[in-house]
Amino acid sequence: TCARRDGLRRVSVTLNAPSDWQDNKNLFDFGFDNYEKIHFDAISLSIPLVSGQKSNVLASSSSISITIPKEYEDIDIIIEAPRFLFAGASKGDQIGLVIYKYRSKILASSPILLCENADRIKYRFNLFEWFINLFTKIKEK
């Protein structure tokens, strides 16, 4: 049986219950009275880029909703992300993780993904051309 109240949906299953409807009602009341859904917005980061065409690259997690017991307070949000990133990563690559914890229990997590390519600097120096020019200049002398 499924019920929805205040944007929350609960599912109840009873097996061989003599008062099935009353048991489901009690389970739903318990679920709605003791649990709540909380929403966390997406987290955006600007990560310094090493050897990149830009100095920083943008990364973001998704927003997330978690259903938790109402007694849970002060949920910890832990961001595991590098202090800097080497160029060469692509848009959509996972570079970190956002972890939502209550005390030591992990409630949920959301990957941190690059929002754009982390392109490498394109050097104009061509070693082959430099090498050919070196010997051409020696022959001219």
| task | For the stretch 10-23, just list the computed ³J(HN,Hα) in residue order, Karplus coefficients 6.51, -1.76 and 1.60, θ = phi - 60°, integers in Hz, with x standing in for Gly and Pro. | result | 10, 10, 10, 10, 10, 10, 6, 7, x, 10, 3, 5, 5, 4
| said: Quick check: residue separation of F86 and C2 times 0.36 nm, minus the Cα distance between them. What number comes out in nm? | reply: 25.3 nm
| field | Total formal charge among the other residues, if their Cβ is under 13 angstrom from that of R10, Lys/Arg +1 and Asp/Glu -1 | value | +1
| remark: With x for Gly and Pro, the residue-by-residue ³J(HN,Hα) of the stretch 52-62, computed from phi through the Karplus equation 6.51 cos²θ - 1.76 cosθ + 1.60 at θ = phi - 60° and given in whole Hz, is x, 5, 10, 7, 9, 10, 8, 9, 8, 9, 8
| request: For the chain, give the magnitude of the charge dipole about the Cα centre (Cβ charges: +1 Lys/Arg, -1 Asp/Glu; no others), in debye to the nearest 20. | output: 960 debye
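Per residue, how much space in cubic angstrom lies within the convex hull of the C-alpha atoms of the stretch 1-75?
Values: hull volume 10.1 nm³, N = 75.
Cα convex hull per residue, to the nearest whole number: 135 Å³.
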| request: Report, by chain and number, residues whose modeled amide H sits under 5 Å from the one on E36, excluding near sequence neighbours (fewer than 5 apart, same chain). | output: I68, K70
| task | Show the residues, 5+ positions off or on another chain, whose built amide H is closer than 5 Å to the amide H of C115. | result | L58, A59, S60, G92
| query | Can you list the residues, at least 5 places off or on another chain, whose amide H is less than 5 Å from the amide H of V50, using H built in the peptide plane? | reply | L85, F86, A87
| Just how many % of Cα pairs in the chain lie over 18 Å apart, if you round to the nearest whole percent? | 71 percent
| field | Qualifying trypsin sites (Lys or Arg not before Pro) in the stretch 1-103, DSSP loop, other Cβ atoms within 10 Å at most 11 | value | K70, R83, R103
| remark: Computed, not fitted: 222 nm per-residue ellipticity of the chain from DSSP H runs ≥ 4 (each -39500 (n - 2.57)), nearest 500, equal to -6500 deg cm²/dmol
| task | Starting from the Cα of Y102, step 7 Å toward the Cβ, then list every residue of the stretch 21-44 with an amide N under 15 Å from that point. | result | 31-40
| task | May I ask you to evaluate 6.51 cos²θ - 1.76 cosθ + 1.60, the Karplus curve with θ = phi - 60°, for each residue of the stretch 72-84 and list the ³J(HN,Hα) values in order in whole Hz, giving x for glycine and proline? | result | 5, 10, 6, 6, 7, 10, 10, 9, 9, 8, x, 6, 8
| Long-range lysine pairs (8 or more apart or interchain), the chain, Cα under 24 Å | 10
| remark: When the charge dipole of the chain is computed with +1 on Lys and Arg Cβ and -1 on Asp and Glu Cβ about the Cα centre, the Cα farthest towards its positive end, among I38, Q53, I64, belongs to Q53
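Since every read-out is calculated from the coordinates, none of them should be taken as a lab result. A quick note: this is a predicted structure, and the numbers were derived from the prediction, not measured. Ideal geometry is used to build each Cβ from the backbone, glycine not excepted, and the neighbour counts take in all protein chains shown.
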